[in-house]
Amino acid sequence: MRAVDNTDLEIELGEWVIASAVDHLLRWREAGLRIEVGINISAYHLQSAGFVPRLHEQAQRYAPQPGERWLQIEVLETAALDDIARISALIADCRELGIGFALDDFGSGYSSLTYLSQLDVDTLKIDQSFVRDMRSDKGDHAVVQGIIALARAFDMRCVAEGVESEVIHQSLRQMGCELGQGNGIALPMPAAALTRWQPAPQEGTFDLLS
């Protein structure tokens, strides 16, 4: 366990991540690039008192257009199991601000179909432990294929983590997964370099912090 887990410092760090994401989004927008950014938020921070009002202040800073999806909050799938009703209400409040949710590292925890049907999340992120060896491990391949099918059944986006080669990238596309993250797509780069990245995306999801 990290020293900051379940402490006020963990909340402060999470608030810094959100504020930094908004800072970058504003700079990118000034440069002509409008994208949706994904950030990781801990369960403790997510369920802390005043989370939504503080997030509303950041949304006012960014001032999204009506219907614009500008931020995606990524939470570990196990975090959503603590209190489904509370998380569902929180997701609904955030959605009104143009903020979506993703279940991160999907497949590495409980992977309950119950909360997939109850939580209005936008995206499933396939844990990289399955993606990395899926071409040589039949079990990993089956898990990846199954998660892609689940995402399609629940009308969610599916993002594969750990796409470290063009071969894996193309294999995922053939399986029906159009979105991914990893060195096989692009190496880590400074925020200012994103607008010069070729091919420059007009929309998409990027991790600000990993």
- Task: Can you run down the residue pairs with Cβ atoms below 8 Å, 6 or more apart or on separate chains, where the first is in the stretch 153-164 and over 14 Å from Leu103 (Cα atoms) and the partner is basic (Lys, Arg) and in a loop (DSSP other than H, G, I, E, B)?
- Result: Gly162/Arg132; Glu164/Arg132
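Could you check how many residues of the stretch 173-203 are of a type in the set (A, V, I, L, M) and in contact with a Gly (Cβ under 6 Å, 6 or more places away or on another chain)?
0
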- Could you please tell me which pairs satisfy a Cβ distance under 6 Å, a separation of 6+ or placement on different chains, a first residue in the stretch 123-138 that is touching a residue at least 40 places away in the same chain (Cβ under 8 Å) and buried (at least 23 other Cβ atoms within 10 Å of the Cβ), and a second residue that is of a type in the set (A, V, I, L, M) and not in a strand (DSSP E or B)? Ile126/Val144; Ile126/Ile147
- Message: Given the criteria surrounded by fewer than 20 Cβ atoms within 10 Å (Cβ to Cβ) and outside any loop (DSSP other than H, G, I, E, B), does Gln60 qualify?
- Response: yes
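Laboratory data are not the source of any read-out in this text; all were calculated from the coordinates shown. Note that the coordinates shown come from a computational prediction; the quantities given were computed from them, not determined experimentally. FYI the Cβ positions are ideal-geometry reconstructions off the backbone, even for glycines, and counts take in every protein chain you see.
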